[in-house]
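The values are calculated or read from the model by the stated rules, or taken from the named source; none is laboratory data. This one's a predicted model, so the numbers in the text were calculated from it and none came from an experiment. Please note: Cβ atoms are built from the backbone with ideal geometry, for glycine as well, and neighbour counts cover all protein chains shown.
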Amino acid sequence: MNHKIAFLSFCTLALCTACGNDSDPRSSDETALLSAPGPVPESWYRLPEDGPARNPGSLDTLGRSFEQILDSQAEALNALPPSPAPFLEAGGKHPPDWVPWRLALFSADLGITSNGLLGPLVFDGGRAVQAVWERKDTVPSAEKAEPIGFRAGKGKSDLMISQPLSKEQLARRLEPSIRAALATKKIRNESLFRKNVLSSAEKFNNMAWQLSTMKKTGMRFEPSGFRLEFVFGAEGEVSPGIAVGGEVSLRFDWARRESSGSVPPPSPGAALDPAAQKLAAFARGVAPDIDAAIAGDPFLKYGFKFDGVRIALGAIGEFEFGIAKASTQVIGSIEFSRSDAGGAPLSAAPATEPGEDVLLIDTSPAPEHLRYAGRTGALVAGSGNSGTVVYKLKHEKIQRGLKKALSMGSFFASHATAPRKGRWWLSELSAEYSLSLTGEAGLATLGGLAEIELTFAHLEGK
Amino acid sequence: MKRIGTLALIYFSLNATASAETFPLVGKSTGQERARMVGKDAYFNLLHSLSGTVHDSTLPTLASQQATASGWLLRDVAVGIGFALEVGLGPIWSTTIAPRVRFVFSNSTSPTLP
């Protein structure tokens, strides 16, 4: 059993900095709580373009409040009865990693209100049960190895690959999702739909292969996961992006696995695929920024391991990748994990030549953000008819934003280290951050609420 | 003057103690951002009841699931909580709200959050 606790900070850089708050932030319930303990510093969730941050918060009381929440959650889980060994599935063949059913993980969200109150997040309405099924016998043996880095993004994937597949393999893997999509009756032109699904998968295959070739380039952070969404219209036409209703959306995922030797290209022309080359260039540009930001490994002293960063992707034109500014504009994500599997503490990053500026893509810019960009001289690189605005960020700004995100993460990590007796331990702490035009970072908010996710794992579960 | 100082000290001490034992539940209800203070014990009682109920009702159901010959195997199941916050606390607001927590049951050595 690996007792090392992983700190997972996926920086979905640019998830919604200024989504409209549809409520009065000072509702009657909250007005009575203005003096409540532990306000989060406003600068942690408010970006410069959204207005000046005034409330400095109170880190002492915030830390105590956070610890009380963790204690309550761990104690509640530890009070559960031990795993019921007699519960065994009857009959059938089981894969090697099969164990009797047990409660393995517990996940809870914390929310931060517009006034900086941190607490367990509640919601109104029910929530469905989600289930993950796995094919028993068709997964190639090479894919049964442990994935590298942290887990892939959440949600159902229509295609999960870890090594380049042939056209026939792709078609076979995609067939269940294609049939499910056709069953929705949203697609009128089945043949074009099938053709475009397959060509999109081949393009994704090429991109994934390009990322897999970056394994041995000497970078301390390397791509470990990649997700892209494709949207298909009624006539089967395809575009990368987010379905806004009426269309069919398919999600493709790649996760790096350890493999021996170099991975051959999926097709002779894969190395020349422009989209794959652009993605690789983006990854090569951002990886050193992560390396520079994490130097010094601030989490080790708290018993956490920094696992990696997930960056939200946007795109303009034909797969010109950049960081998406808001959650509604995310077409996918790319994850970076430590190439050394988190062994030794990270020292200072080796100096690298700064690459080209990184694009920050905003497909629906708020007027106040544009005004702020104008006042501060943030370079607007392009503005098309669609209203899309592209800011160019210098690498030092990306690094500054990452450092600030990591310092916020280290605050929570520092208060999660208190020993808690029992079989349940906080195994992951993750948060999403927005990236400002200025390079500042803040906890991402959606509808006024920022969220932090806590995951407890059962130590005896394995 | 000394008495005022002592009273102030007691006041701030009590206030600090209370702060350390309470925290807000936050969320949205009918489109409005909300926050309501709860004590640590009350929150523990709520989670304890919820986790016990989910644990005791879900595991036998999953364990009785027969391995089929279909070629597919159920590996991870996440159960979200969606009933009223009336366990141990009484209604927090007039509407039905629930802690946003998920319990992941797995028969795999590498469980994932669905």
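Observations on the model:
- Subset of the stretch A:398-449 (residues that are in contact with a Cys (Cβ under 9 Å, 6 or more places away or on another chain) and within 14 Å of another protein chain (Cβ to nearest Cβ)): A:Thr445, A:Leu446, A:Gly447, A:Gly448
- Selection within the stretch A:306-322: residues that are part of a strand (DSSP E or B) and more than 17 Å from the chain's Cα centre (by Cα). The member of this set that is nearest to A:Glu335 (Cα to Cα) is A:Glu320.
- Hits in the stretch A:370-414 (condition: among the hydroxyl-bearing types (Ser, Thr, Tyr), modelled with pLDDT under 85 and crowded, with 18+ Cβ neighbours inside 10 Å): A:Thr388
Residues are listed down the side, and each one gets a yes or a no for (1) at pLDDT 75 or above; (2) at the interface with chain A (Cβ under 7 Å from one of its Cβ atoms); (3) within 22 Å of A:His458 (Cα to Cα); (4) buried (at least 19 other Cβ atoms within 10 Å of the Cβ):
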| position | (1), (2), (3), (4) |
| --- | --- |
| B:Phe44 | yes, yes, yes, yes |
| B:Thr53 | yes, no, yes, no |
| B:Ser57 | yes, no, yes, no |
| B:Thr61 | yes, no, yes, no |
| B:Ala67 | no, yes, no, no |
| B:Trp72 | no, yes, no, no |
| B:Val77 | yes, yes, yes, yes |
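- Residue satisfying all of: in the stretch A:152-186; surrounded by fewer than 17 Cβ atoms within 10 Å (Cβ to Cβ), within 14 Å of another protein chain (Cβ to nearest Cβ) and in a loop (DSSP other than H, G, I, E, B); modelled with the highest pLDDT among these: A:Lys156
- Top-ranked residue in the stretch A:208-230 [being over 18 Å from the mean Cα position of the chain (by Cα) and at pLDDT 90 or above; ranked as farthest from A:Pro164 (Cα to Cα)]: A:Gln210
- Of everything in the stretch A:75-87 that is surrounded by 13 or more Cβ atoms within 10 Å (Cβ to Cβ) and either in a loop (DSSP other than H, G, I, E, B) or at the interface with chain B (Cβ under 7 Å from one of its Cβ atoms) (or both), the residue that is modelled with the lowest pLDDT is A:Phe87.
- Flag if B:Ala20 is in a helix (DSSP H, G or I), under 25 Å from A:Gly116 (Cα atoms), aliphatic (A, V, I, L, M) and at pLDDT below 60: yes
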